[in-house]
1. Give the residue from F75, H62, Y99 lying farthest towards the positive end of the charge dipole for the range 56-99; charges sit on Cβ (+1 for Lys and Arg, -1 for Asp and Glu) and the dipole is referred to the Cα centre.
2. Given Cα pairs under 8 Å that are at least 6 residues apart, what percent is the relative contact order of the chain?
3. Using the basic label-point model (7 angstrom from Cα toward the beta carbon), what is the R65 to L86 distance in nanometres?
4. Given +1 on the Cβ of Lys and Arg, -1 on the Cβ of Asp and Glu, and no further charges, what dipole in debye does the chain carry about its Cα centre, rounded to the nearest 20?
5. Taking amide hydrogens as modeled 1.01 Å from N in the peptide plane, which residues meet the under 5 Å criterion relative to L148, leaving out close sequence neighbours?
6. First select every other residue whose beta carbon is under 14 angstrom from the beta carbon of L164; then total the charges, Lys and Arg +1, Asp and Glu -1.
7. What does DSSP give for the range 2-201 in terms of the percent of beta bridges that are antiparallel, rounded to the nearest 5?
8. Add -39500 (n - 2.57) for each DSSP H run of 4 or more in the chain, then divide by its residues: what number comes out at 222 nm, to the nearest 500 deg cm²/dmol?
Amino acid sequence: MLIARNLSVTLGAARVLHDVDLDVKPGQLLHLTGGNGAGKTTLLRVLCGLIASSGSVKVLGHPPRTVAGRASLAFVPDEAELYDDLTIAEHAQFASLAYAAPLEDLHTALNAFGLGHRLDQFPAELSRGTRQKVGLAVALGLKRPLTLLDEPFGTLDTDSRQVLRDGLSALAAEGRSAVLTTHGGELAQMKGVRQVAVGALQGTSR
């Protein structure tokens, strides 16, 4: 699903990642752990092509910055990035068209997060937690081969955390994969989660 080799990133005078190797198999949920500054967010952004690095990343054989690579993954940062002038429903329609994904799947995910009655609202009308639900629902509803999530549980209520866990389990059951970071134990009770400390990936092959 994903193969990364010899990833190194230097930001300013600091080397954030050094010779990271990473493999993610189909149907695998990979939990990246590590303290603040370990490079978790940087690694996620390298994997989805938002930060350049030395080395190589392939998603289903394609670099993430190519059209085929972008079509194979979804990424939600720790604060969902939404378009100010699009309603929730229009975000779903846009994502459906951009990724050739069934609109029904996106609405199913939005309803799971309890957003079915808020489809006509704009991002400015939503709390940070609700905006995060929109971003996560769209990502899960797209059902990409690889989903990358940075601290997705941080602003979610208890019910929504369970919805996210269920959504991740469903993706894995379909042979899709996810890589995510968390600070808490939200994944402790989930089956099939592989936990890897980012520090342990530095200069090694995993």
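All of the numbers you see were taken from the coordinates with simple rules; none came from a lab. Note that the coordinates shown come from a computational prediction; the quantities given were computed from them, not determined experimentally. Cβ atoms come from the backbone with ideal geometry, glycine included; neighbour counts cover every protein chain shown.
1. Of the options given, the answer is H62.
2. Details: 392 pairs, mean separation 66.7, N = 206.
Contact order relative to length: 32 percent.
3. 2.4 nm
4. Numbers: 20 positive and 20 negative charges, 172 e Å.
With only Lys, Arg, Asp and Glu charged at Cβ, the dipole is about 820 debye.
5. Close amide H contacts, sequence-distant or interchain: A74, F75, V76, V179.
6. On the way: positive: K133, R161, R165; negative: D78, D150, E151, D157, D159, D166, E186.
Summing Lys and Arg as +1 and Asp and Glu as -1 gives -4.
7. Values: 13 of 31 bridges.
If we restrict to bridges inside the range 2-201, about 40 percent are antiparallel.
8. -10000 deg cm²/dmol
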